[in-house]
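> Right, I'll just put the structure down here and ask away after.
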Amino acid sequence: MNEKRLECLREALKERNLDAMLVRSPANLRYISGYSGSNGLACVTLEKAWFFTDFRYKTQAAREVGHMQVVVPETNDLFAAMQDCGCIKPDVRVGFEGNRLTFAEYNKLTERFPGAVYSDASMLMEKLASVKEAEELDCLREAARITDAAFHELLGEIKADVTERQLDAKLSFIMKSLGSEKDSFDTIVASGVNGAKPHHKTSEKKLREHEFVTIDFGAMYRGYHADVTRTVCVGKASDKQREVYQVVLQAQLLALQELRAGMTGKAVDAVARDHISSKGYGAYFGHGLGHGLGLEVHAEPRLSPKYEEILVPDQVVTVEPGIYIPGWGGVRIEDDAFITEEGCVNITTANKELIEL
């Protein structure tokens, strides 16, 4: 798998007239090398590939890294180790992750290799990783399956006087019990008026009767993330709650129906956004419709008003419209889907009809 990815990266380098690529971010390192540790650096040229890490990860790198020369320097200075290996020659055109590499690291790089020509290759790795292989799709399916099962188990715990934080803890325990490595991200549990904040920080607030509770959560399986949101009502929903919920649900269903390869992320976003606007709630949907999933929970591609790139088969995205009304609350419904030529395959199966508990 890693050998194939290296060849794809090399083809991308040729297209950009580059001779080498430095990879530093953990997700992109895992994608290109198989390494799942927290400190590493890869240098890939058109002929060779090196992987550098420190002593703590020596055994792990030897086990996980494929099709690269693994180097563990005694000093733990990875950029110095690159210099010792002669990875970068004078006048070589080097791509780097401008969106990932720190300023301090960039300075170290240019000091060690002053004769090279540097080019910001931001998003090069992310675009390669956005198109999933069969094994990756299987991992995403399993992450989604665990997430769905966990939501089903959690329903019995959602009741008045339980705090948001207690629900968060229970959900994390359930997902790990079902096989999740860890939570994909910090779970959001937003009840009542807190639901008006899309990225609410889960609090000690207690759930109350007749309130909506929005839960944004996901399991991780072999490094691959699920990301699902469900909104339920504690007790009987009001007419207003039912109306808002149905607007969001219909917007999501319309977007899933239209989502397919060949569309732009902007066009898919517009399907849901136009429906919400037509019902008078356009001012309350202020974020993009979705984002890519993989070894990161927010990845390429994007479904948003600004994303004009064409979607392709085997990309995986979330579809998550929402309505957020200050002082009242909010509703968000989110599924994960594979893009195909004919449409999409929704891998999230958790019930999304309005649940009244």
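> What do you reckon, is Phe96 surrounded by 14 or more Cβ atoms within 10 Å (Cβ to Cβ) and either more than 29 Å from the chain's Cα centre (by Cα) or over 25 Å from Glu3 (Cα atoms) (or both)?
no
> In the list Phe55, Phe79, which residue meets the criterion of being outside the structural domain of His225 (by TED's automatic domain parsing) and surrounded by 15 or more Cβ atoms within 10 Å (Cβ to Cβ)?
Result: Phe79 is the single residue among Phe55, Phe79 that is outside the structural domain of His225 (by TED's automatic domain parsing) and surrounded by 15 or more Cβ atoms within 10 Å (Cβ to Cβ).
> Something else now. I'm trying to understand the selection: among the residues of segment 164-197, which are farther than 20 Å from Glu209 by Cβ, part of a helix (DSSP H, G or I), free of Cβ contacts under 8 Å to residues at least 40 places away in the same chain and touching a Ser or Thr at 6+ places or on another chain (Cβ under 7 Å)?
Selection gives Asp168, Ser172.
> Of all residues in segment 89-142, how many are in a helix (DSSP H, G or I), over 22 Å from Cys8 (Cα atoms) and either in contact with a Pro (Cβ under 6 Å, 6 or more places away or on another chain) or small (Gly, Ala, Ser) (or both)?
1
> Same structure again: For the subset of segment 188-197 comprising residues that are hydrophobic (A, V, I, L, M, F, W, C) and under 17 Å from Leu154 (Cβ atoms), which member is surrounded by the fewest Cβ atoms within 10 Å (Cβ to Cβ)?
Residue satisfying both the conditions and the ranking: Ile188.
> Show the residue pairs that are 6+ apart or on different chains and have beta-carbon atoms under 7 Å apart, the first residue being within segment 76-89 and in contact (Cβ under 8 Å) with a residue 40 or more places away in the chain, the second being of a type in the set (D, E, K, R).
Matching pairs, first to second residue: Met82/Arg112.
> Pairs under 7 Å by beta carbon, first residue under 8 Å from Pro305 (Cα atoms) in segment 263-279, partner among the hydrophobic types (A, V, I, L, M, F, W, C) and modelled with pLDDT of 95 or more, six or more apart or different chains?
Cβ pairs passing all conditions: Gly265/Leu303; Gly265/Leu311; Asp269/Leu289; Asp269/Leu303.
> Out of the residues in segment 48-75 that are in contact (Cβ under 8 Å) with a residue 24 or more places away in the chain and in a helix (DSSP H, G or I), state the one that is farthest from Leu22 (Cα to Cα).
Gln60
> Among the residues of segment 198-225, what is the count of those that are part of a strand (DSSP E or B) and surrounded by 21 or more Cβ atoms within 10 Å (Cβ to Cβ)?
Residues that pass the stated criteria total 11.
> Now for a different question. May I ask you to verify whether Ala42 is crowded, with 17+ Cβ neighbours inside 10 Å, in contact with a strand residue (DSSP E or B) (Cβ under 6 Å, 6 or more places away or on another chain) and assigned to a helix (DSSP H, G or I)?
no
> Okay, moving on. Filter segment 15-32 for residues that are in contact with a helix residue (DSSP H, G or I) (Cβ under 9 Å, 6 or more places away or on another chain) and either among the small types (Gly, Ala, Ser) or farther than 15 Å from Glu3 by Cα (or both) and give the result.
Arg16, Leu18, Asp19, Ala20, Met21, Leu22, Val23, Arg24, Ser25, Ala27
> From the list Val297, Val331, which one is among the hydrophobic types (A, V, I, L, M, F, W, C) and touching an Asp or Glu at 6+ places or on another chain (Cβ under 9 Å)?
Among Val297, Val331, only Val297 is among the hydrophobic types (A, V, I, L, M, F, W, C) and touching an Asp or Glu at 6+ places or on another chain (Cβ under 9 Å).
> Taking the criterion of being surrounded by fewer than 19 Cβ atoms within 10 Å (Cβ to Cβ), among the hydroxyl-bearing types (Ser, Thr, Tyr) and touching an Asp or Glu at 6+ places or on another chain (Cβ under 9 Å), would at least one residue in segment 345-354 satisfy it?
Looking through segment 345-354, at least one residue is surrounded by fewer than 19 Cβ atoms within 10 Å (Cβ to Cβ), among the hydroxyl-bearing types (Ser, Thr, Tyr) and touching an Asp or Glu at 6+ places or on another chain (Cβ under 9 Å).
> Another question about this same structure. Filter segment 226-246 down to the residues that are assigned to a helix (DSSP H, G or I) and closer than 19 Å to Thr318 by Cβ and list them by number.
The one that is assigned to a helix (DSSP H, G or I) and closer than 19 Å to Thr318 by Cβ: Tyr245.
> Of the conditions (1) buried (at least 16 other Cβ atoms within 10 Å of the Cβ); (2) within 15 Å of Arg230 (Cα to Cα), Gly156 satisfies every one except a single condition; which number is it?
Going through (1) buried (at least 16 other Cβ atoms within 10 Å of the Cβ); (2) within 15 Å of Arg230 (Cα to Cα) one by one, Gly156 breaks only (1).
> Hey, another quick one. Test Gly286 against the stated conditions and say whether it is closer than 30 Å to Ala160 by Cα, exposed (fewer than 15 other Cβ atoms within 10 Å of the Cβ), of a type outside the set (S, T, N, Q) and in contact (Cβ under 8 Å) with a residue 60 or more places away in the chain.
Against the criterion (closer than 30 Å to Ala160 by Cα, exposed (fewer than 15 other Cβ atoms within 10 Å of the Cβ), of a type outside the set (S, T, N, Q) and in contact (Cβ under 8 Å) with a residue 60 or more places away in the chain), Gly286 qualifies.
> Residues being more than 24 Å from Glu135 (Cβ to Cβ) and under 24 Å from the mean Cα position of the chain (by Cα): count how many of those fall in segment 1-44.
4
> Name the residues in segment 76-88 that are within 17 Å of Glu47 (Cα to Cα) and part of a loop (DSSP other than H, G, I, E, B), would you?
Gly86, Cys87, Ile88
Matching residues to (1) crowded, with 24+ Cβ neighbours inside 10 Å; (2) in contact with a helix residue (DSSP H, G or I) (Cβ under 6 Å, 6 or more places away or on another chain); (3) at pLDDT below 95:
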| site | (1), (2), (3) |
| --- | --- |
| Ser172 | no, no, no |
| Leu178 | no, yes, no |
| Phe185 | no, no, no |
| Val248 | yes, no, no |
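The values are calculated or read from the model by the stated rules, or taken from the named source; none is laboratory data. Because the structure is predicted, anything quoted here is derived from the model rather than measured. All Cβ positions, even for glycine, are placed from backbone atoms using ideal geometry, and neighbour counts span all protein chains on display.
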